[in-house]
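Here the structure is laid out as structure tokens; the discussion comes afterwards.
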Amino acid sequence: MKRRALVAALVFALAALSLSAQATVSQKQDVAIFALGYYGWAIPQEALGNIDVEIQKVFVDLGRFNIIGMTERLSSGGLDQFIATLKKAKEANFVMPDKYQFGEAVLTEAEFNKLLGAFIVAVPVVTNFNSFYNYKSFQYETQLKTNVTFIDVATGNTIGISEVETTGTNKDNQAASIASAIDSIPMQLQFEIRKIPAFQISTRILEVRGAEVKLQLGQDMGIQKGDEYAVIKQSTIMGVQDQREVGLIDIKDVGTGISTGQIIYSNIPLGPNVQLREIPRLGVDAEPYLHVITGAQSAVLPGVRMVVSRGFYGFRPYVGVQIPVAQIWNFGTIFAVPVSAILGGEFNMHLGRLTVTPYGGVGITYLYVSEAITGYNSQTSFLSHVGFQGYVNLSYLITRDVSIYAEGGVDYWLKTTPYFDSYGGPGFGGGLSIKL
């Protein structure tokens with residue numbers, strides 16, 4: 001009996017050791033970031049400085065990098081020269097010059113050696129910049145496209161390119177439209193960086209407590225509430241390794257080095273050292289819906305809610321728009337569409353794949369006017385209604401990214417002008433929830 005117990009303990013220890021060896025846990029990576037390259041584009045110097053700050057801030061906020069700042073700006077041509085030089089620097093007969101020139105950027109030997117000490121080099125370059133006055137919408141518009149190329153210093157190979165396209169508008173000031181485009185960079189760039197496999201966080205389960213797990217890593221690697229992690233099943237067949245997603249965990253609480261996750265589903269038993277891998281999300285859930293209001297003031301209300309998911313868990317804020325179809329009117333080729341803008345919040349109660357979510361919000365309705373022949377379209381300051389909504393949502397996760405839901409509640413919108421009618425009452429509806 002003692003021998004059997006010893007053998008069993010040995011088998012268990014070997015199994016645990018095997019799992020521990022299989023589960024990988026991410027560590028911070030050193031990244032050297034060049035200033036923004038802009039060759040060929042007439043970009044205001046103030047805008048360049050603001051973009052530099054926003055890009056650096058993205059890497060700081062991600063939390064998974066040690067950052068080495070570079071003041072030089074590489075153009076597209078300079079980037080190609082830089083990659084070629086990195087590869088040559090690995091050759092045994094490479095002769096170190098006193099200075100390196102990549103397009104308009106010049107690096108000293110010390111600066112180049114500093115880059116060689118990093119794991120990854122990031123080179124942001126503006127590939128499109130256009131700021132103009134749009135006479136159809138009567139506003140300044142700015143279009144900005146930035147590519148960030150990531151280079152593995154050890155090999156000189158490109159490991160990923162993040163492409164970010166942002167726009168900004170302002171009715172009165174061109175500089176404000178440029179600033180608006182710049183302000184849109186961080187959220188999208190964070191998402192694009194997290195999509196690159198080399199930068200996605202891998203971690204492991206430390207322990208399981210009912211429907212919750214404790215997992216390694218937390219604020220030290222930039223994990224946030226609302227982040228999602230896939231449960232990974234690892235196997236080896238005839239020497240070939242295979243990894244498959246077999247479960248989903250939502251992060252509900254984050255500590256310094258340990259996070260707490262809610263088990264949404266898993267097709268395998270969960271225990272210590274089970275591998276988890278980050279699922280990159282933009283941080284917003286899009287929820288298109290159709291509501292039907294019954295009673296004397298009936299209405300049909302198509303709309304969409306945009307729920308902020310990253311940084312939140314139970315309570316989550318949302319913004320929404322919906323259109324009272326019966327209130328749309330036109331005169332010839334002119335169309336006036338009432339659009340209700342809603343600000344509210346929801347509270348999620350997860351029961352595995354099933355989630356119960358009460359939510360509510362308040363809003364105002366403005367007129368969106370368009371003219372078919374000239375192409376004119378614009379949001380106006382004319383207000384037609386004020387109102388509120390309150391519903392209870394029952395959703396079911398059918399895939400990792402999509403839920404279907406039904407909901408019931410009430411909408412009521414009071415007219416503020418005699419040109420429209422009030423509407424509202426008990427309502428019901430349904431739609432999809434898509435994780436972006």
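Would you say Ser370 is at pLDDT below 90 and surrounded by 15 or more Cβ atoms within 10 Å (Cβ to Cβ)? Answer is yes for this residue. Can you find a residue in the range 232-254 that is within 27 Å of the chain's Cα centre (by Cα) and in a loop (DSSP other than H, G, I, E, B)? No, that holds for no residue. Of all residue pairs spaced 6 or more apart or on separate chains, those with beta-carbon atoms under 9 Å, a first member in the range 63-76 that is closer than 15 Å to Tyr38 by Cα and a second member that is among the small types (Gly, Ala, Ser) and surrounded by fewer than 19 Cβ atoms within 10 Å (Cβ to Cβ) are Arg73/Gly103; Leu74/Gly103; Ser75/Gly40; Ser75/Gly103; Ser76/Gly40; Ser76/Gly103. Within the range 180-206, restricting attention to residues that are part of a strand (DSSP E or B) and of a type in the set (S, T, N, Q), the residue that is surrounded by the fewest Cβ atoms within 10 Å (Cβ to Cβ) is Ser202.
Residues that are β-branched (Val, Ile, Thr) and buried (at least 17 other Cβ atoms within 10 Å of the Cβ) were ranked within the range 278-293; the one that is nearest to Arg204 (Cα to Cα) is Ile279. Scanning the range 88-110 for residues that are farther than 17 Å from Tyr38 by Cβ, touching a residue at least 12 places away in the same chain (Cβ under 8 Å) and either in a loop (DSSP other than H, G, I, E, B) or in contact with a Lys or Arg (Cβ under 9 Å, 6 or more places away or on another chain) (or both) gives Ala89, Lys90, Met96, Pro97, Leu107, Glu109. Please work out which residue is farthest from Phe191 (Cα to Cα), limiting yourself to the range 166-179 and to residues that are in contact (Cβ under 8 Å) with a residue 24 or more places away in the chain and in a strand (DSSP E or B). Looking at residues that are in contact (Cβ under 8 Å) with a residue 24 or more places away in the chain and in a strand (DSSP E or B), I get Asn170. In this entry, Gln275 passes the filter for residues that are surrounded by 14 or more Cβ atoms within 10 Å (Cβ to Cβ), modelled with pLDDT of 95 or more, of a type in the set (S, T, N, Q) and over 21 Å from the mean Cα position of the chain (by Cα). The strands (runs of 3 or more DSSP E) found entirely in the range 325-436 that carry 1 or more residues being in contact (Cβ under 8 Å) with a residue 24 or more places away in the chain are 334-347, 349-351, 354-371, 377-397, 402-415, 423-435. Selection of the range 37-87 for residues being of a type in the set (S, T, N, Q), in a helix (DSSP H, G or I) and either closer than 20 Å to Gln190 by Cβ or modelled with pLDDT of 85 or more (or both) yields Asn50, Gln56. Tyr135: free of Cβ contacts under 8 Å to residues at least 60 places away in the same chain, surrounded by fewer than 15 Cβ atoms within 10 Å (Cβ to Cβ) and of a type in the set (Ser, Thr, Tyr), yes or no? It is true that Tyr135 is free of Cβ contacts under 8 Å to residues at least 60 places away in the same chain, surrounded by fewer than 15 Cβ atoms within 10 Å (Cβ to Cβ) and of a type in the set (Ser, Thr, Tyr).
Residues checked against (1) modelled with pLDDT of 90 or more; (2) among the β-branched types (Val, Ile, Thr); (3) in contact with a helix residue (DSSP H, G or I) (Cβ under 8 Å, 6 or more places away or on another chain):
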{"residue": "Gln139", "(1), (2), (3)": "no, no, yes"}
{"residue": "Leu144", "(1), (2), (3)": "yes, no, yes"}
{"residue": "Glu192", "(1), (2), (3)": "yes, no, no"}
{"residue": "Leu217", "(1), (2), (3)": "yes, no, no"}
{"residue": "Gln224", "(1), (2), (3)": "yes, no, no"}
{"residue": "Ile237", "(1), (2), (3)": "no, yes, no"}
{"residue": "Gln241", "(1), (2), (3)": "no, no, no"}
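For the range 289-324, filtered to residues that are assigned to a strand (DSSP E or B) and among the small types (Gly, Ala, Ser), the residue that is nearest to Ile251 (Cα to Cα) is Gly320.
The values are calculated or read from the model by the stated rules, or taken from the named source; none is laboratory data. What you see is a predicted model, and the numbers here were worked out from it, not measured in a lab. Every residue, glycine as well, gets a Cβ built from its backbone with ideal geometry; the counts of neighbours run over all protein chains shown.
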